[in-house]
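Engineer: My questions will all concern the structure given below.
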Amino acid sequence: MPAPGEIVEPRVAMREGFVWDAQDAYLFDIDGTLLRSRDRIHVNSFASSVHAVTGLEVSLAGISVHGATDTAILRETFAAAGVPDEEWEPQLEAILEAMRQTVISRRGEMQLWTMPAVQETLMHLAERGALLGLATGNLELIGWTKVEEVGLREWFRFGGFSDRFPVRSAMVADAAEKAREMIGYPQSKDAKICVVGDTPRDIEAARANGLSVIAVATGNYGFDELNALGPDACATSLAVLMADAAVAR
């Protein structure tokens, strides 16, 4: 992630033959890809919700949250605190609901901003006939709330979320299945579905499902780090891809 005020050189790498804006459907990550946050409302909801439901004190310190699902973060948090699965798993849904309600009740305090050229990119893809969806580690209610707060809800027709899927690849598989059904390929791999994300976990989840992937270095990972993992396209931002599309036209 660039330091505040740092000027990032626009960079893009594209696999030969891959046309980034000619896919049938796109599955967008939220945090670090579409938007970022200056507040800690969502992050702090993990520990506060666990305490409210179970009385236990836990911390996200040392937990790798970037690209992780909310449900996986909870599991790792309990493991780090030495809490046996049988003590917290029966209360998982209550904890998740407490997280949802905590974030919803404070949505007016959220300090969110969109990444460069997000609106323009979504409009461009929609105008080209693409189906747009989400594939995020957020819980569904929290994910839609963030998207709504920054004015992006109108672009997305469906989503994959972590409520039932602690493993990111399983969440992406669920989103891809929804995409195939909506574009008329329910039992087929013929649909061109592309994941768009900002972490190695987005790339890994896409590859696990045989999907193409666009990596954008607008989160906590740099261009070189992401590009080394071999995404179909890698760019310092969506704005760079849009500039590339303008040149191609």
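Engineer: Only one of 43, 58, 53 is out of contact with any strand residue (DSSP E or B) (no Cβ under 9 Å at 6 or more places or on another chain) and closer than 27 Å to residue 204 by Cβ. Can you tell me which?
Structural biologist: Matching residue, one of 43, 58, 53: 58.
Engineer: Provide a single number: the residues in the range 86-106 that are open to solvent by 70 Å² or more (accessible area, probe 1.4 Å) and part of a helix (DSSP H, G or I).
Structural biologist: Residues of the range 86-106 open to solvent by 70 Å² or more (accessible area, probe 1.4 Å): 86-87, 89-90, 93, 97, 101, 105-106.
With the extra rule that they be part of a helix (DSSP H, G or I), the set shrinks to 86-87, 89-90, 93, 97, 101, 105.
Adding up the residues that qualify gives 8.
Engineer: While we're here: Among the candidates 43, 12, which residue alone is within 17 Å of residue 197 (Cα to Cα), open to solvent by 30 Å² or more (accessible area, probe 1.4 Å), at pLDDT 95 or above and among the hydrophobic types (A, V, I, L, M, F, W, C)?
Structural biologist: On the way: 43 fails: within 17 Å of residue 197 (Cα to Cα).
One residue alone meets the criteria, 12.
So that you can scan it fast, the table gives a plain yes or no per residue for (1) open to solvent by less than 70 Å² (accessible area, probe 1.4 Å); (2) outside any loop (DSSP other than H, G, I, E, B); (3) of a type in the set (Gly, Ala, Ser); (4) without any contact (Cβ under 8 Å) to a residue 40 or more places away in the chain:
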{"residue": "19", "(1), (2), (3), (4)": "no, no, no, yes"}
{"residue": "23", "(1), (2), (3), (4)": "yes, no, no, no"}
{"residue": "26", "(1), (2), (3), (4)": "yes, yes, no, no"}
{"residue": "51", "(1), (2), (3), (4)": "no, yes, no, yes"}
{"residue": "61", "(1), (2), (3), (4)": "no, no, yes, yes"}
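Engineer: Another question about this same structure. Can you tell me which residue among 82, 67 is over 16 Å from residue 147 (Cβ atoms), assigned to a loop (DSSP other than H, G, I, E, B) and either open to solvent by less than 50 Å² (accessible area, probe 1.4 Å) or in contact (Cβ under 8 Å) with a residue 12 or more places away in the chain (or both)?
Structural biologist: The conditions single out 67.
Engineer: On the given criteria, is residue 37 closer than 25 Å to residue 144 by Cα, open to solvent by 10 Å² or more (accessible area, probe 1.4 Å), touching a strand residue (DSSP E or B) at 6+ places or on another chain (Cβ under 9 Å) and modelled with pLDDT of 95 or more?
Structural biologist: It is true that residue 37 is closer than 25 Å to residue 144 by Cα, open to solvent by 10 Å² or more (accessible area, probe 1.4 Å), touching a strand residue (DSSP E or B) at 6+ places or on another chain (Cβ under 9 Å) and modelled with pLDDT of 95 or more.
The values are calculated or read from the model by the stated rules, or taken from the named source; none is laboratory data. Note that the structure is a prediction, hence the values are computed from the model and not measured. Reconstructed Cβ throughout: ideal geometry from the backbone, glycine too, with neighbour counts over all protein chains shown. Just so you know, the surface numbers come from the protein's heavy atoms only, side chains and all, with ligands and any DNA or RNA stripped out. Shrake-Rupley method; radii C 1.70, N 1.55, O 1.52, S 1.80 Å.
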